[in-house]
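Comments concern the structure below.
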Amino acid sequence: MRRLTSGLLTGSLLLVAACGSGSDSAEPEPESTETAAPTSAEVPSTEAPVDSAADEPEPVVTEPIEEAPVETEAPAPELAEFPNIGVGEYDVGVQTIQVTDEERGRTLEVDVWFPLADDTAGEPHRYSFITGDYYESPRAISADAAAIASDGPFPLVVYTHGSGGLRYIHSDYTETIASHGYLVVAADHAGNTAIDQFLQTEDDRATIAYNRPRDVQVLIDQMTNPENTATAGFVGSVDPERVAVTGHSLGGYGTLAVGGGMSNEVGTIEPDPRVDALIPLAPAVGDGDPATSLLTADFLINVTAPVLVMVGTGDITTPPSPNVDRTFAEVSSEVVYRVDLVDAAHQSFTDVCDYLDFFPTLDNPTPEVVGIIEAFAVEGCSDGDMPIERVKLITNTFAISFLDSIFEGTEMITPEAFEIPDDVIYQVK
């Protein structure tokens with residue numbers, strides 16, 4: 001709490017002494033025909049008669065001193081403790097479905113996370129790799145749309161993974177959001193996944209850049225389309241008037257491209273008016289050079305939805321400058337929040353550190369997969385990086401606070417109202 005000081009204003013007293021004066025004159029003599037020089041007694045005096053009382057000093061009148069009001073600084077508002085938002089009130093179910101975009105002839109493998117109805121039982125959900133390896137969720141269970149909590153509809157949040165990632169690469173994040181009353185959906189962006197890297201089937205850069213935001217739009221289309229058989233069970237629990245997009249790295253680019261549009265030789269995406277909030281995590285947007293950047297200022301300026309951008313200060317893959325600096329400065333949103341996590345790194349916004357701990361518990365994990373995990377873990381799970389549990393807490397807290405402020409009308413965490421931890425650099429525009 002800042003110590004307050006005050007100054008006392010003092011007044012000065014003006015003492016005034018006033019002298020009285022006479023105005024009497026000699027009565028004139030009768031006129032004479034002779035002119036005689038006037039005597040000194042007959043010359044009218046120009047001086048006022050001396051008042052004997054004038055030799056006495058006027059009494060000093062002392063007025064009571066009226067003190068000026070004491071001016072003090074307004075007391076600083078008492079800051080609330082940082083809330084540390086954890087897992088929400090709902091248990092979480094996960095179902096894997098397929099969504100097809102007929103226009104591109106493109107089928108997407110999709111995970112849906114959702115709030116579970118009370119007393120729903122099930123087995124811990126396993127996020128499986130094509131090699132047979134898996135990561136078992138510590139809290140979500142495998143379930144289908146019939147098990148969704150009945151108190152919806154819920155806001156829809158679309159998650160888009162980073163380059164070489166998978167739809168469930170940040171399941172702690174997607175599960176936590178769902179536990180707070182959101183329906184979360186994410187697709188494998190075919191042509192730019194870990195599987196494609198493993199099989200060497202990656203698409204070219206321009207195709208990847210176009211498919212990212214288009215895949216997100218298709219997910220919004222189909223999760224609100226009651227005629228789609230794959231998603232029909234979820235549609236009734238989705239509020240189409242409350243939609244957010246979030247993503248990591250290249251998925252951060254995809255998030256902003258849905259909000260502001262993009263264009264290249266493959267196609268053009270117009271800003272999507274259905275999207276109400278954007279959360280790019282360590283977004284890959286580039287330095288603004290049209291020849292090399294995924295998003296130029298011409299597209300970032302089209303972003304008008306509220307934005308929360310988060311990044312680690314230790315990120316060397318998509319470093320804060322220029323990627324987050326440009327995002328924070330160039331979007332046109334009336335509300336823009338920036339959160340820098342001190343010493344967090346690029347893979348801090350994934351489950352890679354959890355994979356690193358979990359895979360040794362598997363029987364005969366695939367060495368190639370373990371090698372990929374260990375390579376990714378260097379940037380996020382190394383000595384000196386922000387501890388991953390701390391990253392999760394800060395990331396989830398800000399994301400939930402932001403989403404709830406948009407969709408539920410609650411108070412967003414701000415530096416004016418909350419004590420911001422020392423390991424967070426927080427800016428609001």
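The values are calculated or read from the model by the stated rules, or taken from the named source; none is laboratory data. These numbers come from a predicted model, not from an experiment. Note that we place each Cβ from the backbone using ideal geometry, even for glycine, and neighbour counts take in every protein chain shown.
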Item to complete: Quick one: count up the residues across region 171-218 that are part of a helix (DSSP H, G or I), hydrophobic (A, V, I, L, M, F, W, C) and within 22 Å of Phe402 (Cα to Cα).
Response: 3
Worksheet item: What do you reckon, is Ser333 part of a loop (DSSP other than H, G, I, E, B) and under 24 Å from Ala244 (Cβ atoms)?
Response: yes
Discussion item. I want to confirm something. Restricting to region 373-417 and keeping residues that are crowded, with 18+ Cβ neighbours inside 10 Å, over 13 Å from the mean Cα position of the chain (by Cα) and hydrophobic (A, V, I, L, M, F, W, C), which single residue is nearest to Ala244 (Cα to Cα)?
Written reply: Phe407
Worksheet item: Which condition number in (1) assigned to a helix (DSSP H, G or I); (2) aromatic (Phe, Trp, Tyr); (3) out of contact with any Gly (no Cβ under 6 Å at 6 or more places or on another chain) is the one that Tyr168 fails?
Response: (1)
Worksheet item: Can you tell me how many residues in region 253-292 are charged (D, E, K, R) and under 21 Å from the mean Cα position of the chain (by Cα)?
Response: 3
Response to the item:
The lone condition Thr131 fails out of (1) modelled with pLDDT under 95; (2) in contact with a strand residue (DSSP E or B) (Cβ under 7 Å, 6 or more places away or on another chain); (3) surrounded by fewer than 16 Cβ atoms within 10 Å (Cβ to Cβ) is (2)
Worksheet item: Can you name the residue in region 187-228 that is within 28 Å of Ala145 (Cβ to Cβ) and β-branched (Val, Ile, Thr) and, of all such residues, is modelled with the lowest pLDDT?
Response: Ile195
Practice prompt. Read through the list (1) part of a loop (DSSP other than H, G, I, E, B); (2) at pLDDT 95 or above, then give the number of the only condition that Pro64 fails.
Written response: (2)
Worksheet item: Got a sec? Which helices (runs of 4 or more DSSP H) wholly within region 221-328 have at least 2 residues that are of a type outside the set (Val, Ile, Thr) and more than 21 Å from Arg167 (Cα to Cα)?
Response: 297-300
